[in-house]
Each structure stands twice: as structure tokens, then as C-alpha cells.
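Asks: Supplied in C-alpha cells, the structure appears directly below.
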Amino acid sequence: MKKNLFSLLSILFVAVLCVGFASCSGGDDGNQRSDIVKNLMNHKWTGSSTDYDVHSYGGSTFTQSWTVYFTSDHEGIIINNIVDRDSKYGTSKREEVTDFTYTIDGNKIRLSGNSNFVFEYHDTYMMEGQDKFSARELTSTDHAYLQEYKDSKGYAATVNNGVLATTKQIDKYQLQLDITSNLAQKYPNKTIKYIVKIETTIPKKYNLNNVSKEASFTDNNNLHVDNLYDLNPYAYNYLKSYVALKEKINSGVELTGSEQTLFSNLIKNMDLIVDYSHYQYFVEINGNRYEIPSKNL
């Protein structure tokens, strides 16, 4: 009996130790993750890589320079500055900025979203394959950039949820635009600029030049444009002549032969503009542009 009691007490003692160790282990994991997150957010992480290629005419290099910011315990952004040098075609440069979410598993930091980096974390650097990302102190410029980026995301969300561009075809050659907005209430001290971008791409066989134009309106309230076609340089000139001849017809005056030919050509050209024109709508806040959701009635 004593032996059985001793065995039972031993088992209970071991069980308590196991629970204690498990609790400590869980706490250690939580503390470790917290320390990693704090270190990630207190620094920017920079790395670069260059790929070389040899062609019959010479060579090329493709360099990527990354700056990674961890902006919360699960989100961040990557800035990728790309330089593409080619001995024949010259040099091109561009910058790409992407959001990401991340998870931490031990010393592995996995990014998802537009980036699939998997970092092996060390206190002062991280490895992504053969590429090393070093920890750098955040400067006032970094803080200003991150604040601007945060504000920009806020503006984008507000525009997406609080601004709407609605177009309505009044007749064949009149397309009305109304932009309704809550931006004046949301940002009473900011100047709001609306932009209408017009792209007219007509097939070459019709012998008409293409049009790419922007019209801007500074107005903190809602915007109304009676006819979008008036903003198109081609359509504006055609419409003036079309309306004048249409009024002449409606008044009972018969068109001359040359006027009839002109009227027919105006209709053909206006039909092409209507069929091959595309409109986009933007709002500009603090110099940054955001596309406005749109719908047709």
C-alpha cells in the first residue's frame, strides 16, 4: 500500500512539473515573439541583390534594393527600388511599394500578400535565401514617410467608401457626370481636386488621332459635369458643329449639300468617339491621387 501511495505521489509530482514547464515554455514563446516584433518595428531592414546576364551584344544587370518596414505586429510595407541596366537598351528605374502581412514561427518570419519572403531572423539582420537584410535605425525621414503612408491609406479608404462617380447617358451625345462626396465634411481644411481622365483610342483605319487628356476641378463639394464629351477636344469641336446643324434642321431649314455631308461625317466621328472613349475619375488630396469608384445609370 505504501509503495502504491509513493508511486501515485511520484506521478502527481511529475505531472505538476510538466504543467509548470509547459506554462513557462508558453510564456517564453510569447515573450520571444513580443521582443522580435518590438525589434522589427524599431528598425528598417535593408537588403539588395543583383542579377547579371550576358547577351551577344553585351550584358545587363538587374538590381533590387529593398527597404522593409514592419508597421504593426502583423503588417508592414516593402519599398523596392529597381534599376535595370542594359548595354544596348540603356537604364530604366522604378519604385514599387507593396503591403504585406506577416507571421512569426520561432525565428522564421513569413510574409504574405504581394511578397512571399521568408526571413530567418537574427537580432541585427535577417536572411532571405542568400540575401542579407540589415537592421538600420529609423530616421525622422522614415517616420515622416510612414506617417504619410498611413495618412494615404486612410484617404484611400475614405475615397473608396465615401465618394462615388455616377454617369448617365442623357442622349446619344450627352454623357452627364455627378460626383457625390463626403470629403468636405471629412477634411474641411483640405483642398479637394477632382480629375477626369479621358482616353480615346480609335483604330488607325478611321484616320483619327487618339486623345489623352485630363480635366481638373477644384471643388470641396459635389461635382456636376453636364456633358463629359465637352471635355474631349475632338468631341467638343464636333459637338459645336453638330448642335448648330441640328438646330437648323429642327427649325425647318433644309441643309445644303455640303452641310448634309458635314452632318453625316460629324455623326460618324462622334459615334467613334462615343464607342472608343474611356473615362476615369480621381480625387487629389495632399498631392496624392486616388481613383473614385464609378457606376453607370
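The values are calculated or read from the model by the stated rules, or taken from the named source; none is laboratory data. Worth saying up front: this structure is predicted, and the values here are computed from it rather than measured. Methodologically, a virtual Cβ is constructed for each residue, glycine included, from the backbone with ideal geometry; neighbour enumeration extends over all protein chains shown. All accessible areas refer to the heavy atoms of the entire protein, side chains included, with ligands and DNA or RNA removed. Shrake-Rupley method; radii C 1.70, N 1.55, O 1.52, S 1.80 Å.
Asks: Which number comes out as Rg/Rh for the chain once both Rg and the Kirkwood Rh are worked out on C-alpha atoms?
Replies: Checking Rg against Rh, the ratio lands at 1.24.
Asks: Something else now. Suppose we take every Cα in region 201-297 and form the convex hull; what volume per residue is that in Å³?
Replies: 138 Å³
Asks: Okay, moving on. Using per-residue counts of other Cβ atoms within 10 Å, averaged over each peptide, order 173-186, 105-118 from highest down.
Replies: My ranking of the peptides, most packed first, is 173-186, 105-118.
Asks: Please list ILE104, ILE192 in order of solvent-accessible area, largest first, computed with a 1.4 Å probe with all protein chains present.
Replies: Largest to smallest exposure gives the sequence ILE104, ILE192.
Asks: How far is it, in nm, from the label point at SER72 to the one at ASN209 when both lie 7 Å from their Cα along the line to the Cβ?
Replies: In this crude spin-label approximation the distance works out to 4.9 nm.
Asks: With Cβ to Cβ distances under 12 Å as the rule, what net charge do the other residues near THR50 carry (K, R +1; D, E -1)?
Replies: Charge balance in the 12 Å sphere: -3.
Asks: Would you kindly find the accessible area of THR46, with a 1.4 Å probe and non-protein molecules such as ligands, DNA and RNA excluded, rounding to the nearest 10 Å²?
Replies: THR46 exposes around 30 Å² with every protein chain in place.
Asks: Let me ask something else about it. At 1.4 Å probe size, with no ligands or nucleic acids counted, give the accessible surface of HIS143 in Å², nearest ten.
Replies: Accessible area of HIS143: about 100 Å².
Asks: If the cut-off is 12 Å between C-alpha atoms, which aspartates and glutamates fall inside it for LYS108, apart from same-chain ones fewer than 8 positions away?
Replies: Of all the aspartates and glutamates, those that pass the test against LYS108 - Cα under 12 Å, at least 8 places apart if same chain - are GLU120, GLU128.
Asks: In a shell of Cβ-Cβ distance under 14 Å around VAL253, excluding VAL253 itself, what net charge do Lys and Arg (+1) and Asp and Glu (-1) give?
Replies: -1
Asks: Tell me the label-point distance for the pair ASP53, MET127, using the 7 Å Cα-to-Cβ offset, in nm and rounded to one decimal.
Replies: Distance between label points: 2.8 nm.
Asks: Also, I was wondering about something else. Less than 11 Å Cβ to Cβ from LEU231, Lys/Arg counted +1 and Asp/Glu -1: what total charge do the surrounding residues give?
Replies: Computed value for this residue: -1.
Asks: With axes computed from alpha carbons, what is the tilt in degrees of helix 233-250 against the longest principal axis of the chain, rounded to the nearest 10 within 0 to 90?
Replies: Approximately 40 degrees, to the nearest ten.
Asks: Mind pulling the angle between the C-alpha long axis of helix 257-276 and the longest principal axis of the chain? Nearest 10 degrees, somewhere in 0 to 90.
Replies: It works out to around 10 degrees.
Asks: Probe 1.4 Å, all protein chains in place: accessible area of ASP35 in Å², nearest 10?
Replies: In the full protein context, ASP35 sits at about 100 Å².
Asks: Still on this structure: What's the extension gain from VAL118 to THR91 if we count 0.36 nm per residue and subtract their Cα-Cα distance?
Replies: Here the answer is 6.7 nm.
Asks: Additional query: I'd like the chymotrypsin sites (Phe, Trp or Tyr not before Pro) in region 211-253 restricted to DSSP loop residues with at most 13 other Cβ atoms within 10 Å, sorted by number.
Replies: Counting only loop positions with at most 13 other Cβ atoms within 10 Å, none of the chymotrypsin sites (Phe, Trp or Tyr not before Pro) in region 211-253 qualifies.
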